[in-house]
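Values quoted throughout were computed directly from the atomic coordinates according to the rules given, and no laboratory measurement underlies them. Given the structure is predicted, the values throughout are model-derived calculations rather than measurements. Cβ coordinates were reconstructed from backbone atoms using ideal geometry, including for glycine residues, and neighbour counts include every protein chain displayed.
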Protein chains: 2
Amino acid sequence: MSHFLQTHIREIISISDDELEMIQNLFDKKKFRKRQFLIQENQPVNEIYLIEKGIVKSSTIDSTGKEHILQFGAPHWWISDFAAFFKQEISSLAVDCIEDSEVYAISYENLNALCLQLPAMEHFFRIKSNFGYVALQQRILSLMSKTAKERYEDFVKQYPGFMDHLPKQLIASYLGVSRETLSRLYS
Amino acid sequence: MSHFLQTHIREIISISDDELEMIQNLFDKKKFRKRQFLIQENQPVNEIYLIEKGIVKSSTIDSTGKEHILQFGAPHWWISDFAAFFKQEISSLAVDCIEDSEVYAISYENLNALCLQLPAMEHFFRIKSNFGYVALQQRILSLMSKTAKERYEDFVKQYPGFMDHLPKQLIASYLGVSRETLSRLYS
């Protein structure tokens with residue numbers, strides 16, 4: 001049984017080893033190389049991903065060709081184009097790897113079947129969704145009301161240890177500042 | 001039994017009349033006048049609110065005294081300081097009424113008891129949370145990658161019929177543009 005999956009799920013709910021075995025069978029383990037895409041834009045999205053190793057990002061390219069990063073994902077984070085997944089629409093985001101990564105993927109059908117069969121997992125995903133919601137709320141408030149310097153400080157707090165792994169250009173794209181502004185905040 | 005609550009819940013899940021009665025008993029019906037606060041900043045937050053009538057907003061005031069609006073809520077929308085509620089911390093947002101409003105309030109304890117007792121309600125709140133997450137995701141992408149004009153068009157789509165009810169200053173605070181910029185987009 002996956003030690004990683006076990007730790008991740010038991011952090012929130014109590015379940016038996018048999019239930020955990022059943023849950024694990026509904027996930028697919030997948031490996032991706034640096035720069036490989038988990039999701040490309042304008043495609044159907046049928047999976048969400050729990051990251052076991054590596055760093056992944058979700059982003060969009062605007063009409064001028066500029067990349068805007070919605071989320072970084074590290075081990076124990078979930079990532080996908082959630083809007084496309086939950087609404088079963090085509091993606092507006094791309095999800096790709098900043099480093100070689102390993103993920104647990106679960107399909108829309110398996111997620112719903114699992115929640116129906118195991119109320120504890122419905123609870124697990126409700127709690128995860130609530131905390132995801134809260135993280136996005138902080139990000140909106142940050143984008144609306146904070147200076148570039150404050151946003152940078154929030155970032156360092158939210159993604160501890162990320163600074164050494166991420167190219168500066170990607171951090172700038174996440175914060176919505178230019179590469180030059182970021183360099184000033186840094187030093 | 002409340003016709004409103006019944007419609008709202010049965011849009012997502014199937015439940016019996018007895019279950020609905022039980023659910024309703026866990027909610028408090030509350031009335032607020034225009035400008036009254038459901039939540040003030042820096043207070044414990046122990047309730048989330050389902051709006052039956054009126055219009056409510058959640059917002060924050062930055063260090064320069066400027067208001068930034070995170071969310072507007074109309075009938076069938078849920079509103080609170082969700083970050084403070086789910087983490088059981090003090091509020092960073094204020095939630096107040098733009099018009100006289102009536103809401104169904106449920107406490108943190110009652111919400112958790114209800115989800116434990118009725119798995120269908122755990123499902124209901126997971127789905128609500130997922131769609132709330134998706135709405136925030138769109139808003140972040142909108143703030144990061146769209147022009148003021150595109151953000152205004154998104155707003156009109158997301159809040160149909162709101163334009164006639166909201167003071168222009170509030171719409172500007174939601175979009176993150178000046179009152180003058182909004183006037184230009186308008187005409």
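With r defined as the distance between the Cβ atoms of A:Arg179 and B:Lys87 and R0 fixed at 30 Å, what FRET efficiency is calculated, to the nearest 0.05?
Efficiency, rounded to the nearest 0.05: 0.35.
Counting only other chains, what is the mean number of Cβ atoms within 10 angstrom of the Cβ of each residue in peptide A:142-149?
Values: counts 2, 6, 13, 11, 3, 2, 0, 0.
Per residue, the average neighbour count from other chains is 5.
Please give the helix A:119-145 orientation as an angle from the longest Cα principal axis of chain A, in degrees from 0 to 90, rounded to the nearest 10.
The helix A:119-145 is inclined about 10 degrees to chain A.
Can you tally the net charge around B:Lys146? Count Lys and Arg as +1, Asp and Glu as -1, for every other residue whose Cβ sits under 11 Å from the Cβ of B:Lys146.
On the way: positive: B:Arg139, B:Lys149, B:Arg151; negative: A:Asp62, B:Glu150, B:Glu153, B:Asp154.
Net charge around B:Lys146: -1.
Students often forget the sequence filter, so: which aspartates and glutamates lie under 12 Å Cα-Cα from B:Lys149 once same-chain residues fewer than 8 apart are removed?
Correct list for B:Lys149: empty, as no aspartates and glutamates qualify.
When N is the residue count of chain A, what does its C-alpha Rg come to as a fraction of 2.2 N^0.38 Å?
1.08
Using only DSSP helix segments of four residues or longer, with each worth -39500 (n - 2.57), what per-residue ellipticity at 222 nm results for chain A after dividing by its residue count and rounding to 500? Walk me through the numbers on the way to the answer.
Numbers: 8 runs with 87 residues, N = 187.
Result for chain A, helices only: -14000 deg cm²/dmol.
Per residue of B:118-128, what is the mean number of Cβ atoms on other protein chains within 10 angstrom of that residue's Cβ?
Numbers: counts 1, 7, 2, 2, 10, 8, 2, 5, 11, 5, 4.
Partner Cβ neighbours, averaged per residue: 5.
Give me the inter-chain shielding for A:27-37: mean count of other chain Cβ atoms within 10 Å, whole number please. All intermediate terms of the calculation are to be shown ahead of the outcome.
Values: counts 0, 0, 0, 0, 0, 0, 0, 0, 0, 0, 0.
That works out to 0 on average.
Identify the trypsin sites (Lys or Arg not before Pro) of segment B:24-131 meeting these criteria: DSSP loop state and at most 10 other C-beta atoms within 10 Å of the C-beta. Show your work: numbers first, answer last.
Numbers: sites: B:Lys29, B:Lys30, B:Lys31, B:Arg33, B:Lys34, B:Arg35, B:Lys53, B:Lys57, B:Lys66, B:Lys87, B:Arg126, B:Lys128; in loops: B:Arg33, B:Lys34, B:Arg35, B:Lys66.
For trypsin sites (Lys or Arg not before Pro) across segment B:24-131 that sit outside H, G, I, E and B with at most 10 neighbouring Cβ atoms in 10 Å, the list reads B:Arg33, B:Arg35.
Cut-off under 29 Å on the C-alpha distance; same-chain residues fewer than 8 positions from B:Lys53 excluded. Which lysines are left, in chain and number order?
A:Lys87, B:Lys29, B:Lys30, B:Lys31, B:Lys34, B:Lys66, B:Lys87, B:Lys128, B:Lys157, B:Lys168
How high is the FRET efficiency between A:His76 and B:Glu67 when r is their beta carbon distance and R₀ equals 22 Å, given to the nearest 0.05? Working shown, then result.
Numbers: r = 36 Å, r/R0 = 1.62.
Using R0 = 22 Å, I get an efficiency of 0.05.
Can you tell me the orientation of helix A:148-158 relative to chain A, as the angle in degrees between its alpha-carbon axis and the longest Cα principal axis, to the nearest 10?
Helix A:148-158 and the main axis of chain A meet at about 30 degrees.
Students often get this wrong: which residues of segment B:20-63 have the backbone nitrogen under 19 Å from the point 7 angstrom along Cα-to-C-beta of B:Tyr108?
Within reach of a label on B:Tyr108: B:26-28, B:38-50.
Arranged from highest to lowest average of other beta-carbon atoms within 10 Å per residue, in what order do the peptides A:158-168, A:4-14, B:68-78 appear?
Values: A:158-168: 12.5, A:4-14: 14.4, B:68-78: 19.2.
Most protected by this proxy first, the peptides run B:68-78, A:4-14, A:158-168.
Taking segment B:124-187, which GluC sites (Glu not before Pro) meet the DSSP loop condition and have no more than 15 other C-beta atoms within 10 Å?
On the way: sites: B:Glu150, B:Glu153, B:Glu180; in loops: none.
Filter output for segment B:124-187: empty list.
How high is the FRET efficiency from B:Asp100 to B:Gln6, r the C-beta distance, R0 30 Å, rounded to 0.05? Kindly include the intermediate steps, with their values, before the conclusion.
On the way: r = 23 Å, r/R0 = 0.77.
That pair, B:Asp100 with B:Gln6, gives E of 0.85.
Please list, in chain and number order, the residues 5+ apart from A:Ser92 or on another chain whose amide H is under 5 Å from its amide H, with Hs placed from the backbone.
For A:Ser92, the qualifying residues are A:Asn42, A:Ala84.
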